[in-house]
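Read through the structure below, which is laid out as structure tokens, and then see the notes.
Where a number appears in this text, it was derived from the coordinates with a stated rule and is not lab data. If you're wondering where the values come from, they're calculated on a predicted model, not measured in any experiment. We place every Cβ from the backbone using ideal geometry, glycine too, and count neighbours over all the protein chains shown.
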């Protein structure tokens, strides 16, 4: 039940991906304006607040899969502490970052960074962003945890989701803005792992209960 509950919790931030894509698509109809800027901010708040939750999901998946080193409270405390630390790392974005117009693939939107090939008007300056450290660490935690599940439990989907997320954020796929799709894949891999191992755990408990009764 724990895995299914956490799967449900993890689904809630994925609503942000739907919102993200809706705002990007609506930009060309709304146009650059205070309205578009205002409704663009939640896209970033969701990433900063919930992007590292998949670290907790990775720990829970390993625990549900029956790894001995995940028994007890301390191992999960490590995963939760890392998640909280990375959330705190992203907090300054809330008061330090500014949104700038970005034009790309015939779409207009606001972003915290502007590259030379996404300038919207003459005289606009390039704005560089800092490396997304929490997202990178989260991705590697998912890949590492997924690798264990693939090798030891023959469950490859979480590992594949993490690898595809990493690939979508790097050249050449980054040039095609595949990162949102990559986020769906990495979250989907984690949620599938939680549901899969939660079901196996419940089935094992039912089997043990039946044996005890007989």
What value, in deg cm²/dmol to 500, does the helix sum -39500 (n - 2.57) over DSSP H runs of n ≥ 4 give at 222 nm once divided by the residues of the chain?
-23500 deg cm²/dmol
Between residue 177 and residue 35, what is the spin-label point distance in nm, taking each point 7 Å from the Cα along the Cα→C-beta axis?
2.0 nm
So what is the relative contact order for the stretch 9-92, in percent, with contacts set as C-alpha pairs under 8 Å and at least six apart?
30 percent
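Could you give the length gained by full extension between residue 14 and residue 127, i.e. 0.36 nm per residue of separation minus their alpha carbon distance, to one decimal place?
On the way: separation 113, 0.36 × 113 = 40.68 nm, distance 2.75 nm.
Extra length from residue 14 to residue 127 when fully extended: 37.9 nm.
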Give the angle, between 0 and 90 degrees and rounded to the nearest 10, that separates the Cα long axis of helix 157-168 from the longest principal axis of the Cα atoms of the chain.
20 degrees
On a 0 to 90 degree scale, rounded to 10, what angle separates helix 2-30 from the longest Cα axis of the chain?
10 degrees
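Set the Förster distance to 45 Å, then compute FRET efficiency between residue 98 and residue 68 from the Cβ-Cβ distance, nearest 0.05.
Numbers: r = 48 Å, r/R0 = 1.07.
Approximately 0.40, to the nearest 0.05.
Fully extended, how many nm does the chain gain between residue 154 and residue 28 (0.36 nm per residue separation, minus their Cα-Cα distance)?
Values: separation 126, 0.36 × 126 = 45.36 nm, distance 4.54 nm.
The residue 154-residue 28 span can extend by a further 40.8 nm.
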Helix 179-213 vs. the chain, principal-axis angle (Cα, 0 to 90°, nearest 10)
10 degrees
Mind telling me which of 112, 138, 83 comes out most flexible in a GNM of the chain, alpha-carbon contacts under 10 Å?
112
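What do the square roots of 5 times the Cα gyration tensor eigenvalues come to for the stretch 26-101, in whole Å, largest first, as semi-axes of the equivalent ellipsoid?
Working: eigenvalues 279, 38, 7 Å².
Whole-Å semi-axes of the equivalent ellipsoid: 37, 14, 6.
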Let me test this: with uniform point scatterers at the alpha carbons of the stretch 2-208, what is the Debye-based log₁₀ I(q)/I(0) at q = 0.11, 0.14, 0.17, 0.19 1/Å?
-0.57, -0.86, -1.15, -1.36
Taking the highest mean first, how do the peptides 74-80, 157-163, 28-34 order by number of other beta carbon atoms within 10 angstrom per residue?
157-163, 74-80, 28-34
How many nm separate the modelled label positions at residue 49 and residue 105, each set 7 Å beyond the Cα in the direction of the Cβ?
2.6 nm
From fewest to most C-beta neighbours within 10 Å, the residues 35, 64 line up as 35, 64
